[in-house]
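Read the structure below first, then the notes.
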Amino acid sequence: MSGRELKKHLRQYLQRETEHGKLSDAKLEETVRLCAEIMREQKSAKRSQEEPRIGFAQYLSDIFRFEGVPIFGLQAAALFIVCVAIYQSAGNPGYIPAFMPLFVLAVMPAIFKCQYYGMCEIEAATRASGSQIVLAKLILVGAADLICMTFFVFFEAYLQNSYREIGRIILYCMVPYLVCMVSMLRQLRLRRKENMQICVTISLGSCVCWGILAKTFPWLYDTSAFGIWIVAFLFFAAFFIKEIYFIITVRKEGKMYGIIS
């Protein structure tokens, strides 16, 4: 029953009350029943219009559908460049860290996409918090990098014709990668403007710095310096895990990760 029909019934009941002195109990109960029926219909209609909330797994699947191809495509392109560069350097492991920041550089178009298009405020107003968006993209990036770096480790071991140095190769890959990832996440969280340009500069500067280290301090890549790489890996891995834990925490609270620019 529509509101107009209810209004008509109520007007008729009021007229009868004026004519006969009061409403009968049966008519009063009928009015209450009709009002309750209308309230139930409106409540059920409102409930049917509400969209069901999706879990994080479904949300991750949606992000993969829209961002999966660019993320995996850019990581594959970075892997191709790194493999060609290492092959040209005759498999010298000292140059591995100089090319690992390229994997982080390939992440930035997906991470800073909303800032590039000026959509930060719209993204902040969505039902998915900014931290959830960042976390979903980081999971996809982590999966892509795991595949690419695994392939690269075995490619490097094949060039050296030995699998005994896989542990060192993994450290040469992970330390510069974690340095750039931690820097990128902290810039994303703490800076309001120009964080994308700063992250690009840090990644490219890291390539240059690691290349200079490979030439000027070759002893860093000897077996005797293995402990230094382990300490560096644990140090930056701790910062990276701390940042990921912070993202998960603010996601549960429904807060933004970073500053809206």
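The values are calculated or read from the model by the stated rules, or taken from the named source; none is laboratory data. Quantities reported herein were computed from a predicted structural model and do not represent experimental measurements. Glycine also receives a Cβ, built like all others from the backbone with ideal geometry; neighbour counts cover every protein chain displayed. With ligands, DNA and RNA removed, areas are computed over all heavy atoms of the protein, side chains included. Shrake-Rupley method; radii C 1.70, N 1.55, O 1.52, S 1.80 Å.
Mind checking which pairs have a first residue in region 67-82 that is closer than 17 Å to C173 by Cβ and modelled with pLDDT of 90 or more and a second that is open to solvent by less than 20 Å² (accessible area, probe 1.4 Å) and not in a helix (DSSP H, G or I), Cβ under 6 Å, 6 or more apart or different chains?
Cβ pairs passing all conditions: Q75/A106; A78/A106.
Criterion first (out of contact with any strand residue (DSSP E or B) (no Cβ under 7 Å at 6 or more places or on another chain), modelled with pLDDT under 75 and assigned to a helix (DSSP H, G or I)) does E156 satisfy it?
It is false that E156 is out of contact with any strand residue (DSSP E or B) (no Cβ under 7 Å at 6 or more places or on another chain), modelled with pLDDT under 75 and assigned to a helix (DSSP H, G or I).
Any idea which of (1) more than 16 Å from I244 (Cα to Cα); (2) under 22 Å from the mean Cα position of the chain (by Cα); (3) at pLDDT 90 or above is the one R191 doesn't satisfy?
Here R191 meets the rest and fails (3).
Testing F226 on (1) open to solvent by 50 Å² or more (accessible area, probe 1.4 Å); (2) farther than 16 Å from I96 by Cα; (3) hydrophobic (A, V, I, L, M, F, W, C), one condition comes back false. Which one is that?
(2)
Within 30 Å of V250 (Cβ to Cβ) and touching a Pro at 6+ places or on another chain (Cβ under 7 Å): is that true of V141 in this structure?
Answer is no for this residue.
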